[in-house]
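Accompanying notes for the structure given below.
The numbers here are math on the coordinates, done by the rules we state, and not lab data. Owing to the predicted nature of the structure, the values given are computational and were not obtained by experimental measurement. So basically every Cβ, Gly included, is an ideal-geometry build from the backbone, and we count neighbours across all protein chains shown.
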Amino acid sequence: MTSEGRVFPAPLCKTACLGCGYGFHSQSLTAADQTGFYGDDYDIGLAAPDADRARAADYAGHIERVLATSERPVRAGSTILEQGCGTGALLTMLTDRWRSHSALGVEPAPRLAEVAALSAHPRARIQTGYAEDAATGEKFDLVLSVNVIEHSLDPRQFLSVCRQALRDGGTIVVVCPDGDTPDTELLFRDHVSSFSKTSMSIIAASVGLRIHAHEALDGRQIGFQVFLLEPDPAPGQMTELLGRRSNGEELARARNTYLDRWRAVEARTLARLDGRRFAIFGIGEFADLLNAYAPELVRRAEMFVADDVGKGTKFNLPVVKTAEFLQEETLPLIAAVNPRSWPFVKARLGADVPCLIHPDQLHHAEVHS
């Protein structure tokens, strides 16, 4: 499945470096694959604009926090390049906060680039294309990418382009999924790479960059990490980095265990339901994952349940408001939410639902009934 929910009739085959923990597809994706992912129908961020803006505000706070650790702070008037700017919400927010003299957002998906251009800050420009193809010769104080590098076919080239766009004294900030902790990001076909901290260090060093600061994010962005990268004043430490032992083998085993759990999600959940009718709570990313990797579970559901019913249907099933479901139904409820949200959903709904199950947590006996 891609990160926007499209399902491909092909096995998910991923592997990893047992030294540094870098994760990747066992069969490399191609430029044609990439073009297919980010065509006219790619619309992440458009379905829920309020959530998109809230996410941008969260990331802005994390980015400002990590930048505060640098001796190269972003000051008022600093220029910004955002690689993969999406709807432009974050770029517009930072351009306004930092009173940037100029900002450029690069976005490969045409629909997102069009929306970004229409809503961009007056001092921000939007360019349609990939980061690797969008070199303009301009230099920037900050080069930023949020959840983009994992989609790049060549992360080394991606970072090289970012470095080339830096002014003297400039800084690069990269946000991506935390590859040191197995998570749903492993399940996305358009995620070309999973980055451990060690693997990011090695890739950055190969293009003359070093990690000045690194932080695992918290709050609503838990499961992601931020790197502050700066040009290395003493390059040539690749040999040292490559010689370090890391937890690559342990991480590979943990990823295999995680993927094996997903292989068993459908059978385990249906066994727990034991033939009972049921509904599914949630219409977001986790529901899409169930549709891709546990399709029989979705096929047998009576309905979806959500606070905001959106278009009113999901996978041709009706979407019922949560309050209405709690008042009228007594069906078991499958929680199609990220495991990070499971404790909150369980606390919120557990007292009102006779049987509340999270499919990915059954192996931990994390069932409230």
Discussion item. As an exercise, identify the trypsin sites (Lys or Arg not before Pro) in the range 305-343 lying in DSSP coil whose Cβ has no more than 14 other Cβ atoms within 10 Å.
Written reply: 311
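Where Rh denotes the Kirkwood radius from the mean inverse Cα pair distance, what is Rg over Rh for the range 21-103? Don't jump to the answer; show the numbers that get you there.
On the way: Rg = 16.3 Å, Rh = 15.3 Å.
Reported Rg/Rh, Kirkwood definition of Rh: 1.07.
Listing 133, 232 from the residue with the fewest other Cβ atoms within 10 Å to the one with the most, what is the order? Mind dumping the intermediate values first?
Working: 133 10, 232 17.
By the 10 Å Cβ count, ascending: 133, 232.
Where nothing but the Cβ of Lys and Arg (+1) and of Asp and Glu (-1) is charged, how large is the charge dipole of the range 227-361 around its Cα centre, in debye to the nearest 20? Walk me through the intermediate numbers first.
Details: 18 positive and 19 negative charges, 82 e Å.
The calculated dipole for the range 227-361 is roughly 400 debye.
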Worksheet item: Roughly how many nanometres apart are two label points built 7 Å out from the Cα toward the Cβ at residue 348 and residue 259?
Response: 3.2
Item to complete: Positive end of the charge dipole of the chain (Lys, Arg +1 and Asp, Glu -1 on Cβ, about the Cα centre): tell me which of 341, 248, 161 has its Cα farthest that way.
Response: 248
Item to complete: Would you kindly derive the ³J(HN,Hα) couplings of the range 104-110 from the backbone phi angles with the Karplus curve 6.51 cos²θ - 1.76 cosθ + 1.60 (θ = phi - 60°), listing them in order in whole Hz, with x for Gly and Pro?
Response: 10, x, 10, 9, x, 7, x
Worksheet item: In whole Å, how far is the Cα centre of the range 143-206 from that of the range 24-41?
Response: 17
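If you rank 162, 13 by fewest surrounding Cβ atoms within 10 Å, what's the result? Please report the intermediate quantities before stating the final value.
Working: 162 26, 13 8.
In order of increasing Cβ crowding within 10 Å: 13, 162.
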Discussion item. Please list, ordered by chain and number, the residues whose modelled amide H lies under 5 Å from the amide H of residue 14; skip anything fewer than 5 residues away on the same chain.
Written reply: 26
Worksheet item: What ranking do 25, 358, 212 get, fewest neighbouring Cβ atoms within 10 angstrom at the top?
Response: 25, 212, 358
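Quick one: work out the % antiparallel among DSSP beta bridges in the chain, nearest 5.
Values: 22 of 51 bridges.
The answer is about 45 percent antiparallel.
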Item to complete: Count charges around residue 76 for me, please; just the other residues with Cβ under 12 Å from its Cβ, Lys/Arg as +1, Asp/Glu as -1.
Response: +1
Fill in: Cα gyration tensor shape for the range 175-334, rounded if a/c is under 1.5, else prolate or oblate
prolate
Item to complete: Could you let me know the centre-to-centre spacing of the range 81-100 and the range 296-357, using Cα atoms, in angstrom?
Response: 35
Discussion item. Using +1 at the C-beta of Lys and Arg and -1 at the C-beta of Asp and Glu, which of 179, 322, 291 has the Cα lying farthest in the positive direction of the dipole of the chain?
Written reply: 179
Worksheet item: The list [x] 17; [y] 14; [z] 8 gives values of percent of Cα pairs over 40 Å apart, and only one came from this structure; which label was calculated from it?
Response: [x]
Worksheet item: If you take the square roots of the eigenvalues of the alpha-carbon gyration tensor of the range 266-368 and sort them as a ≥ b ≥ c, do you get rounded (a/c under 1.5), prolate (a/b over b/c) or oblate?
Response: rounded
Worksheet item: Can you give the net charge of the other residues whose Cβ lies under 11 Å from the Cβ of residue 170, counting K and R as +1 and D and E as -1?
Response: +1
Discussion item. Taking the Cα of residue 13, stepping 7 Å toward and past its beta carbon, and measuring to each backbone N in the range 172-210: which are under 19 Å?
Written reply: 186-194
Worksheet entry | Considering only the range 266-368, percent of DSSP beta bridges that pair antiparallel, nearest 5 | 30
Worksheet entry | Sum of side-chain charges, residue 253 neighbourhood, beta-carbon under 15 Å (Lys, Arg +1; Asp, Glu -1) | -1
Item to complete: Before rounding to the nearest 500, sum -39500 (n - 2.57) across all DSSP H runs of length at least 4 in the chain and divide by the residue total; then give [θ] at 222 nm in deg cm²/dmol.
Response: -10000 deg cm²/dmol
